[in-house]
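Okay, so here's the structure we're looking at.
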Amino acid sequence: MTVPGSIALILAAFSLTSSDGSDRVTAAELTTSRASADALASDRRMPVYVPPKNKVPHARMESGLRGQAANDLRIVALVPDHVGFTTKKDPTLYWYASHATSLPVQFTLTDPRAIRSIAEIELPPPKDAGYQTVRPRDYGISLDPGIQFRWSVSIVQDHDRPSTDLVTGGMIERIEFNEGSALGFPIVCTEEAVLRYAEAGLWYDAIGCVSDLIESNPGDSFLRKQRASLLKQINLPQIAEFELRQSGVR
């Protein structure tokens, strides 16, 4: 199992006393400690997202203001361009805003079995550039298994002219938890879980887990590199570059 870099650094500096109980550390002990930390750090791997074989193309929506000047607002759902899978009934949904806005924001969830959308919720506008979240559980929303839902986030520029809205979103399908459990999918969010979710094609679980780890360990740049890697793999290189700048790599 992989070990976060912060733990590795703690292990590297852990021994403040030598093996004979004195308050000094020998060069050999320090070298061994550092070697152990390096070995643990090198065990951390990048996730490899394996898309489902039977994928529905062109599932991602994204838009920006006409003209696309440098200061134009752009919003992008952090989803692949096909139906993404999850084992969770209410996974967190992520989207990106290029900068803050005071314009109204609306979340919409559509069930193909219904004539109209099943949820239309006003969200707080982004206060800063970067990642934004929609947490369905906060609104009492849960996904039925086996149904391909479409979700979207809209920036409303003119209530009388919906065609001017900025819209982004994607599609999501929940698989039965029992089915996922039988396949050995992890329950606890760890770095190993991120790898396994990605390899199993569970996009929402992989991006959600690594995002939770980043929230718990904001100083761990490797976790941000993992999320950037996932974003590059679904053809969102500009958002990945934003992630790497956040990690201090760029």
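Worth pointing out:
- LYS127 paired with SER221, simple spin-label distance in nm, labels 7 Å along Cα-to-beta-carbon: 2.7 nm
- Residue-span extension gain [ARG137 to ARG245] - 0.36 nm each, minus C-alpha spacing: 35.8 nm
- Residues whose amide H lies under 5 Å from that of ARG60, counting only those 5 or more places away or on a different chain, are HIS82; hydrogens are built 1.01 Å from N in the peptide plane.
- Taking the fewest neighbouring Cβ atoms within 10 Å as the starting point, the ordered list for TYR94, TYR204, TYR139 is TYR139, TYR94, TYR204.
- Residue pairs, from the table LYS53/LYS89; LYS89/LYS127; LYS89/LYS225, whose Cα atoms sit over 25 Å apart: LYS89/LYS127; LYS89/LYS225
- Here each label is just a point 7 Å from Cα along the line to Cβ, and for ILE115 and ASN235 those points are 3.6 nm apart.
- In region 141-241, trypsin sites (Lys or Arg not before Pro) in a DSSP loop with at most 12 other beta-carbon atoms within 10 Å: none
No value in this document is a laboratory result; all are computed from the given coordinates. Note that the coordinates shown come from a computational prediction; the quantities given were computed from them, not determined experimentally. Cβ coordinates were reconstructed from backbone atoms using ideal geometry, including for glycine residues, and neighbour counts include every protein chain displayed.
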